[in-house]
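To start, the structure itself, in structure tokens.
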Amino acid sequence: MIFVDSSVLIDYFNGKNNWQVEKLDEMLGKEIVIRGDYVLIEVLQGFRNDKDYETAKNVLRTFPCSSICGEEIAIKSADNYRKLRKKGITIRKTIDVIISTFCIENELLLLHNDKDFFPLEKHLGLQSVVLKSS
């Protein structure tokens with residue numbers, strides 16, 4: 001299973017062409033692609049046009065949705081944030097730590113287009129989908 005981050009979904013809905021969007025297109029219908037409730041919020045809140053909002057909401061509802069932050073993930077996320085702080089690394093967005101922790105704990109690959117996840121990969125073992133070089 002692949003967890004898709006808002007950074008990829010936002011690019012997808014904005015029609016951006018990058019390897020992450022291409023990978024998402026490639027996986028649809030072939031692999032289980034899930035998104036989290038917080039990701040749903042991040043993506044949908046950015047739409048200005050009501051028609052685009054409704055279209056995106058209907059598309060996103062076709063993906064399985066996980067509630068990503070209960071008490072256990074909240075505590076583990078705080079622990080992970082503190083581990084990184086002790087190494088001198090500050091993660092700017094709490095949601096990125098929550099998403100990373102959820103993926104780590106559930107052994108999910110993360111598809112993202114956000115450099116803020118790199119320290120979580122390097123220091124906490126977050127596994128991400130990577131571009132395969134030819």
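The values are calculated or read from the model by the stated rules, or taken from the named source; none is laboratory data. Predicted, not measured: the structure shown is a model, and the values here were computed from it. Every residue, glycine as well, gets a Cβ built from its backbone with ideal geometry; the counts of neighbours run over all protein chains shown.
Check Ile10, Ile41 and return the single one that is hydrophobic (A, V, I, L, M, F, W, C), assigned to a helix (DSSP H, G or I) and surrounded by fewer than 14 Cβ atoms within 10 Å (Cβ to Cβ).
On inspection, the qualifying residue turns out to be Ile41.
With respect to Lys86, is the statement that it is modelled with pLDDT of 95 or more and surrounded by fewer than 17 Cβ atoms within 10 Å (Cβ to Cβ) true? Taking the combined requirement at face value, the residue satisfies it. The single condition among (1) over 22 Å from Leu120 (Cα atoms); (2) of a type in the set (A, V, I, L, M, F, W, C); (3) in contact with a strand residue (DSSP E or B) (Cβ under 8 Å, 6 or more places away or on another chain) that Leu40 does not meet is (1). Checked against (1) out of contact with any helix residue (DSSP H, G or I) (no Cβ under 7 Å at 6 or more places or on another chain); (2) in contact (Cβ under 8 Å) with a residue 60 or more places away in the chain; (3) in a loop (DSSP other than H, G, I, E, B); (4) not β-branched (Val, Ile, Thr), Cys103 passes all but condition (3). Inspection of the stretch 16-38 identifies at least one residue that is assigned to a loop (DSSP other than H, G, I, E, B), farther than 17 Å from Val130 by Cα and modelled with pLDDT of 95 or more. The single residue among Lys93, Lys87, Lys51 that is in contact (Cβ under 8 Å) with a residue 12 or more places away in the chain and over 19 Å from Ser128 (Cα atoms) turns out to be Lys87. Screening the stretch 55-69 for residues that are surrounded by 12 or more Cβ atoms within 10 Å (Cβ to Cβ) and over 21 Å from Lys30 (Cβ atoms) and picking the one that is farthest from the chain's Cα centre (by Cα) gives Thr55.
Taken over the stretch 108-134, the criterion of being on the phi < 0 side of the Ramachandran plot and among the small types (Gly, Ala, Ser) is satisfied by Ser128, Ser133, Ser134. Quick one: in the stretch 4-37, which of the residues that are touching a His at 6+ places or on another chain (Cβ under 9 Å) and in contact (Cβ under 8 Å) with a residue 40 or more places away in the chain is farthest from Thr55 (Cα to Cα)? That would be Gln20.
The single condition among (1) in contact with an Asp or Glu (Cβ under 8 Å, 6 or more places away or on another chain); (2) at pLDDT below 95 that Leu120 does not satisfy is (2).
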